[in-house]
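Please read the structure below before turning to the comments.
The values are calculated or read from the model by the stated rules, or taken from the named source; none is laboratory data. None of these values were measured; they are calculated from a predicted model. Virtual Cβ from ideal backbone geometry, glycine too; neighbours counted across all protein chains shown. Calculation scope for accessible area: heavy atoms of the full protein, side chains included, ligands and nucleic acids excluded. Shrake-Rupley method; radii C 1.70, N 1.55, O 1.52, S 1.80 Å.
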Amino acid sequence: IPFIVVSGTIGEDSAVALMKAGAQDYLMKDRLTRLAPAVEREIRDAAMRKQQRDAEEALRESERCYRLISEHSGDVVWTYHPEAGHFTYVSPSIEQLLGYTPSECLSMALEDFFVPEFRPISAARMRKRVELLKHGGAPEQAEVIQGDMLRKNGTVVPTESLISFPPGGQDPLELVGVTRDIGERRRAEVALRESGLFNQQIVACASEGII
């Protein structure tokens, strides 16, 4: 609520104390011509302060929901600065997927997680994407990258990453990604293909007509 002090006897010390306590302005009674403009200004400012508070609250709620989802998801959610070459956030599920703690990942580059033979490909794709974005390019908003990653213990895990790219010209650039283990899906695809080949062999060898 806008609060303006009007007094004929207020001293400077009292005025300062009132402003510290939350008053927006103070006027002397012999200068009441300032009252109407001061009231109008404070009504406008109060509306702006409310809009700012509402926006800040909406941002806090959005961040709270984002953290809640990312920290309880089986997929790894991350944010990455490609120009600096390191992550700015990695969700706790990275430990289950690759064996690293989130804090360990903050000093690593995205290509560091891939198997050696895939790292040059990953780095080249990222450099090309960054150049496009820095010069205002408008590439597709997201890209899916599949590649084998190395766990901290040296074993390999097949992964799929969905990377969301910001609009061109944003500074600094920040990517948002979701990475998941697709080992089960690959095994299911192999089993499905093998099942299809097996069924084709049955049909080819059958003496009955099959439609």
Practice task
May I ask you to verify whether A38 is surrounded by 14 or more Cβ atoms within 10 Å (Cβ to Cβ), more than 30 Å from T159 (Cβ to Cβ), more than 14 Å from the chain's Cα centre (by Cα) and of a type outside the set (K, R)?
Solution key: yes
Exercise for the section: Could you check the stretch 1-119 for strands (runs of 3 or more DSSP E) lying wholly inside it with 2 or more residues that are at pLDDT 90 or above and under 30 Å from E160 (Cα atoms)? Expected result: 76-81, 86-90
Problem - Hey, R180 at pLDDT 80 or above and in a helix (DSSP H, G or I) or not - result: no
Exercise for the section: State whether one or more residues within the stretch 110-124 are open to solvent by less than 50 Å² (accessible area, probe 1.4 Å), under 16 Å from the mean Cα position of the chain (by Cα) and closer than 30 Å to I145 by Cα. Expected result: yes
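Of everything in the stretch 96-123, what is aliphatic (A, V, I, L, M) and in contact with a Ser or Thr (Cβ under 8 Å, 6 or more places away or on another chain)? Give them in sequence order.
Passing the criteria: L97, L106, L110.
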